[in-house]
Structure formats: C-alpha cells, structure tokens
Amino acid sequence: MANLDSPIAGKILEVYIKVGQQITEDDELFIIEAMKMENPVYGDAGTVKEVNVKVGDRVQEGDTLAIIE
Amino acid sequence: MGDYEYSMHPYFKEMPALGKGLSRRIEQNAEELKTIEAEIAKEVERVKNSGKATEALNKKGELSAWQRIDYLVDPGTWCPLHTIYDPANNEEKNTGVIDGLGKISGKWAVIIASNNKVMAGAWLAGQADNVLRVTDIAKRLHLPLVWVLNCSGAKLMEQEELYANRRGSGTPFFRHAELQKLGIPIIVGIYGTNPAGGGYHSISPTILIAHKNANMAVGGGGIVGGMNPKGYVDEEAAESLIEQTRMFKATPPGRVEIHHNGTGFMRDVCDTEEEVLDRIKKYMMDLPAYAKDFFRVADPAEPKFPAEDLYSLIPFNQKRVYPMHEVLARLFDNSEHMEFRPDYGPEVYCGLVKIDGYLCGFVANNQGILGKGYPRYADYQGIGGKLYREGLIKMNEFVTLCGRDRIPMIWVQDTTGIDVGDTAEKAEMLGLGMSLIYSIEQSDLPMMSIILRKGTAAAHYVLGGPQANNNNVFTLGTAATEVYVMHGETAAAASYARRLVKDNDESKPLEPTIHKMNDMIKDYYDKSRPAYCAKKGYVDEIVDLENLRKYCIAFVGSYYQNPVSICAAHQMLTPRVIKG
C-alpha cells in the first residue's frame, strides 16, 4: 500500500482513476490546477484501493489523493 | 565510423541515455497541432502562388525563384526561413524574397532569391529587413551568402515605405561590404533586368555570374529616358515616354556586352538559367570548409524515439505541463546527453548533446512541479516555465562555459517569465536576468532558438531570444507557439484593475470595462498565434515539429563548417565540469 500525495496545492481538475483499476507509472491519475497550469499526477504501478478526492476539490501539498497497492 | 577517429571518445562516444518510449499517442492533441501546421502550409502555398503563374514564367524561358532554389540546393537540405514574413502587410503577402539555409555542392550556405513572380522581383516594404536578417545569419555563422538575383528595383508606388531609413533598402549593400570585410564571400547569379537597387544588389557581391539576358545598371530604361521637366504629364510628354520606353526595352542599359565584355564586372555569362546555377555550384566547391568529420565528436545518429511522438508530448493546451526531457530526447543524437548540474536550478535543463555528431549546448524550460522547497528563497512553490535564482545562475554558468569551449547553443523556450514580487527581487531576479544577457553577449556564440510554446515577458529575451542580435542566428516557432509580453488575461487585469475598482466605488456598471478586458484578451490571443508571429518576424519560420531536428542539424552543421574560433575537444571545460 502506498499513499499518493498531492505534490502541490491546487484544485482537482480531472480524476482519471477508479477503485480497482490497474495503473502503470505512465498513467496520468489526476490533473491538479495550480499556478495557472494543469499538472498531471503520476503514481507507481499497481491497483487503486482508494480515491480520496473528486473534481473541484481543493487540496494542499501532501494531502493524500489516492492509495495504490 | 567517419573519416577520422574521434577526440575525447570516453566523454562523447556514448553519453547517458535520455527519455523513454511513448506510453500512448494522444490523437486529439496531434490533430490540433497538425491543423495549425496545415494552416501555416496554406499560407506558404499562398506566398508561392502569388504573382505570375510559374507556367507563364517557364513559357518565357524563366524559372521561378523556387525552381531556381530547387535546382541549386542539394536534395533534402533546404531549410526555408521568413517564408510568410510580411511585417508591412503588403498586398503581395510577402517581402519579395525567398531565403533559407541549404547545402550547395555539399556545403552550407545562406541562400536568398528574388521572387521574380511578383513585380519582377521588386523591392517591397519589409524586404530590406528580411535581407538584413539573412546577412546577419551569414555573419554569425561565417557562411557564404548566395544570391539568386532578379530584382527590378524599388516598387516605385510605395517608395516612401522602403527606400530610405537606417534599415532601408540600401543598408544590405553595406552589409555585403561588411561580410566581405569579415572574409565571407557573396556569390550572385543575376537574371533579368536589375536597375537601380537591383543594380547595386548585382554589383555588391564578390563574384557575379550573369544569365545572357541579364542586365544591371545604376538606372533602368525608365530613368535613362527621363521626363520633360514640366512638373506634370501632358500628351507630348506621354508620346516622348512611349518612344523612349520602346527603345530601352529593346536595349536596356548594363547588358552583358557592357558589364561582361566592357567593364568585366560579370565574371561569367551563361546561356541558360541552369548554367548560372551550375556556376554557383562550382564556386561553392571552391570555398573553404572543414571536412564534415573534422569537428565531429562521434558518428551521427538519429534519436532513439520518433519525432512523430512530439505531437503527443507537446500539449496544444497551453496550460498543460509535459516532460521537456522527452521532447529533447526526440532531438538529440541517439537520445543521449550530458546534463549540466541536474540537481541545481530544476526549472531549466542545460546539457551537452550531439547533433549530427557535433557537440551542441542545449537549454530548455523544464515544465511542471519543481518539488518541495523550491525556490529555496521563498515560502511558495515554484513551477516549470518560470525562472528562479538557481536556474538563472545555472544558465549563466552554462553559457559562459559553452562560450569558452566554442560550443554552439540551442535554446528551447516555453516560459511564462521570471519570478516576481519583493521576495524574488531580494533574490536578485532582475540582476541575474541581466547577467544572463551579459553572459550571452560575452560568449560571442551563435545561438538558435525554438519557441516551442510560450515566449513571454523578459524571459523570452534572456533565454537566447531573437533580441540577442549578435548571437541569435534564427528563431523557430511551432504550431504551439505564442509570443506576448504576458498572457492576455494578465494584461487585461494589469490594464483595467484600477478602472474596475473605480467603477465599483462609483457604483457604475462593470460591464463596459469587462467588455474592454475581454476584447483585450482576444486581441492578445489573435496577435500571438504562430502565423502572426512569423508574419511579424517574432520568429523566422514556423516549422513542423517533425522538422525541428532538421533545422538543428542545419544550424550546428553550418557553425562547424568554417568557424572563426575553435576550442580543441581535449581543452574543453564543460564536459569535465559535468563529469566532475
């Protein structure tokens, strides 16, 4: 299990994953709008166990966005 | 293996690998970029098809400028520049010349041809500046300049737009003199009637080769015929003009029998259009150039990953971030590099790379989140595209080292500017930005720029932009290019924020100011599009993403063809500083 933490404070613009989904390290998992830019968030390869945010949420740097197993 | 073994092979033969294969194609993004490229291609076709039909010229025994260039240049080497450049917004939609870099007889040259389809190659508004850009390229790269001349002189109906001024139509003749003073030869092939300005274009180069029907003169038939000085035209004057014109059309001044047989200005006279170009090819063979392997540090190699990937990697959406190193991996030989200070100044990439087997320094704006605690001087997070203290220091160091080692540089810009605010001011952004300008100027290096996406604020200047007149050889744009002082929304806020406050305080409706702000945002958008940037000369050509490497090869190959100063590979510092 690994927490996928937000690398930056901002607004969740896109959520591309669902619980149970298999992901690779090249997959864009979230888009966070911060500093006028749209920043993709990547994670380690694995299975998505939890998704903690939805589109429109504001997050702080270090907030857990998802848990990947 | 090339013609020689290579110096310093432990450093350069095999450098660390960069990049990885594309995980997925992003079709919609590719389509958006290619739509813009198709629009640019349409603009180029419009310029090519303007004026007389090529078939009509061919019927008269003339080739068009494009046909002449096609015959002259080694296949596959032509890199056009300024194709849709038209700063004066001419009805002809271009400046009346066609130019670019290309190889002739295996050697790089800067080539410029009069567009004989439009007013027999007349001077149009903006042409002088176009020619000055071209002579600047020859000067900075120490490359021969080849003119394919067919110039009827000034477009007299618009003389006030083009004849006089500091950078007017006579300035190129001084530049030709300057190039020769610097040891750079100019070869001209002369076609058609070249009076007045065309005459000086003909006589100012080093070697003059004429087609048998060519002429060049201080003044053409129209001037030699003169006018009855009444101050106006009446029927008698018109009749006299008709007679004189008929006479000088048959025997224009400065024909081959005058300037070959008589003065000897024309060195060769050729019976056919193609023979003129063949003579140019012959002279090019006789010009000095190092063998192509002389300055190479390794065998040339294509990148490991296809250029087509760039259409998925570079987001058309200007707000979307992307991995710059993956873009670079599609430009470098064998996708290899030696990165300079990768752990310092993460907002910029600096590295030594190979392009067609030659050493080249690359600088690029990394994109995206820069990591916790950066910039170190601030309590806010940094983001790629912006410049901070460390990145500016790193670029200053890298430029200085490349200058010392005589390594040409290519800049890849996608920048939103330099960090702002009192914290940034205390961290010396203003001084470090200007230091980078000083370092570039001091380096005396030729540089090329690619405005991959955004060229914004002072960062557009300090990142080797075209304003570096003594360094920047040419600047390319892409389908994703935008150039403006700041984003339209930022500019609208800066311009109207106080007005909004005032309206609000006075309980006035905000709508009229909001309307003006939105007009301004749209105006900024329209005037920062790729085609607009090329037309105004912010960039020297919009290039398809797949052709970026071709221009890099032309630039780097041109630099190493006959450099004015050199540094032995084993005396370079940059690779040692990187290796540690």
Among residues belonging to region B:364-378 that are part of a strand (DSSP E or B) and within 20 Å of B:L331 (Cβ to Cβ), point out the one that is farthest from the other protein chains (Cβ to nearest Cβ). B:A364
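Conditions (1) in the same structural domain as B:I187 (by TED's automatic domain parsing); (2) among the charged types (D, E, K, R); (3) within 13 Å of B:F474 (Cβ to Cβ), marked per residue:
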{"residue": "B:T95", "(1), (2), (3)": "yes, no, no"}
{"residue": "B:I98", "(1), (2), (3)": "yes, no, no"}
{"residue": "B:L101", "(1), (2), (3)": "yes, no, yes"}
{"residue": "B:S105", "(1), (2), (3)": "yes, no, no"}
{"residue": "B:I111", "(1), (2), (3)": "yes, no, no"}
{"residue": "B:R133", "(1), (2), (3)": "yes, yes, yes"}
{"residue": "B:D136", "(1), (2), (3)": "yes, yes, yes"}
{"residue": "B:L141", "(1), (2), (3)": "yes, no, yes"}
{"residue": "B:L145", "(1), (2), (3)": "yes, no, no"}
With the condition kept exactly as written, say whether any residue in region B:492-504 is modelled with pLDDT of 95 or more, in contact with a strand residue (DSSP E or B) (Cβ under 8 Å, 6 or more places away or on another chain) and among the aliphatic types (A, V, I, L, M). no
Would you kindly identify the strands (runs of 3 or more DSSP E) lying entirely within region B:57-170 that contain at least 1 residues that are more than 30 Å from B:A291 (Cα to Cα)? B:97-104, B:107-114
Can you name the residue in region B:381-416 that is touching a strand residue (DSSP E or B) at 6+ places or on another chain (Cβ under 7 Å) and of a type in the set (K, R) and, of all such residues, is farthest from the other protein chains (Cβ to nearest Cβ)? B:K394
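Pick out, from region B:484-580, the helices (runs of 4 or more DSSP H) lying fully within it that include 1 or more residues that are within 20 Å of the chain's Cα centre (by Cα), within 26 Å of B:I450 (Cβ to Cβ) and of a type in the set (A, V, I, L, M). Step through it out loud before you land on a result.
Details: elements: B:488-505, B:511-526, B:530-536, B:548-561, B:574-579.
Result: B:530-536, B:548-561.
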Is region B:32-48 home to any residue that is assigned by TED's automatic domain parsing to the domain that holds B:K212 and small (G, A, S)? no
Look at B:E336 and say whether it is within 14 Å of chain A (Cβ to nearest Cβ), acidic (D, E), crowded, with 20+ Cβ neighbours inside 10 Å and in contact with a strand residue (DSSP E or B) (Cβ under 7 Å, 6 or more places away or on another chain). no
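Does B:E37 satisfy the criteria of being over 21 Å from the mean Cα position of the chain (by Cα), in a helix (DSSP H, G or I) and acidic (D, E)?
Numbers: over 21 Å from the mean Cα position of the chain (by Cα): no; in a helix (DSSP H, G or I): yes; acidic (D, E): yes.
Spelling it out, it is not the case that B:E37 is over 21 Å from the mean Cα position of the chain (by Cα), in a helix (DSSP H, G or I) and acidic (D, E).
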Please go through region A:1-34 and pick out each residue that is buried (at least 19 other Cβ atoms within 10 Å of the Cβ) and either within 13 Å of another protein chain (Cβ to nearest Cβ) or within 19 Å of B:G371 (Cα to Cα) (or both). A:L4, A:S6, A:P7, A:I8, A:G10, A:I12, A:I23, A:L29, A:F30, A:I31, A:I32, A:A34
Of (1) farther than 30 Å from B:P530 by Cα; (2) within 14 Å of chain A (Cβ to nearest Cβ), B:D286 fails just (2)
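Residues of region B:410-423 being of a type in the set (A, V, I, L, M) and either more than 21 Å from the chain's Cα centre (by Cα) or under 27 Å from B:Y377 (Cβ atoms) (or both), which ones?
Within region B:410-423, the first condition is being of a type in the set (A, V, I, L, M), and the residues that meet it are B:410, B:412, B:418, B:420.
Result: B:V412, B:I418, B:V420.
Could you pull out the residue among B:I542, B:I578 that is among the β-branched types (V, I, T) and closer than 30 Å to B:E489 by Cβ?
Step by step, each of B:I542, B:I578 is checked, and only B:I542 is among the β-branched types (V, I, T) and closer than 30 Å to B:E489 by Cβ.
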In the list B:G361, B:G351, B:G357, which residue meets the criterion of being more than 14 Å from chain A (Cβ to nearest Cβ), surrounded by fewer than 24 Cβ atoms within 10 Å (Cβ to Cβ), closer than 30 Å to B:R296 by Cβ and within 25 Å of the chain's Cα centre (by Cα)? B:G357
Determine whether region B:420-442 contains at least one residue that is basic (K, R) and outside the structural domain of B:Y322 (by TED's automatic domain parsing). no
Restricting to region B:123-177, name every residue that is without any contact (Cβ under 8 Å) to a residue 60 or more places away in the chain, in contact with a Ser or Thr (Cβ under 8 Å, 6 or more places away or on another chain) and of a type in the set (D, E, K, R). B:R175
Residue hits (region B:310-330; within 11 Å of chain A (Cβ to nearest Cβ) and in a loop (DSSP other than H, G, I, E, B)) are B:P315, B:N317, B:Q318, B:K319, B:V321, B:Y322, B:P323
Determine if region A:49-56 includes at least one residue that is surrounded by 14 or more Cβ atoms within 10 Å (Cβ to Cβ), closer than 30 Å to B:E489 by Cα and within 11 Å of another protein chain (Cβ to nearest Cβ). no
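Across region B:293-309, what is the total count of residues that are without any contact (Cβ under 8 Å) to a residue 60 or more places away in the chain and within 14 Å of chain A (Cβ to nearest Cβ)?
We begin by selecting, within region B:293-309, every residue without any contact (Cβ under 8 Å) to a residue 60 or more places away in the chain; these are B:300-302, B:306.
After this cut, where a residue has to be within 14 Å of chain A (Cβ to nearest Cβ) as well, the list is none.
Looking only at that region, the number is 0.
Of all residues in region A:34-69, count the ones that are among the hydrophobic types (A, V, I, L, M, F, W, C) and at positive phi. Before the answer, list the steps.
Here is the first cut: in region A:34-69, the ones among the hydrophobic types (A, V, I, L, M, F, W, C) are A:34-35, A:37, A:41, A:45, A:48, A:51, A:53, A:55, A:59, A:65-68.
Filter once more, so that each one left must be at positive phi: A:35.
Residues that pass the stated criteria total 1.
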Regarding region B:40-48, can at least one residue be identified that is at pLDDT below 95 and buried (at least 17 other Cβ atoms within 10 Å of the Cβ)? yes
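The values are calculated or read from the model by the stated rules, or taken from the named source; none is laboratory data. The shown structure was predicted, so the numbers you read here are calculated from the model rather than taken from an experiment. A quick note on method: Cβ atoms are made from the backbone with ideal geometry, for glycine too, and the neighbour counts reach across all protein chains shown.
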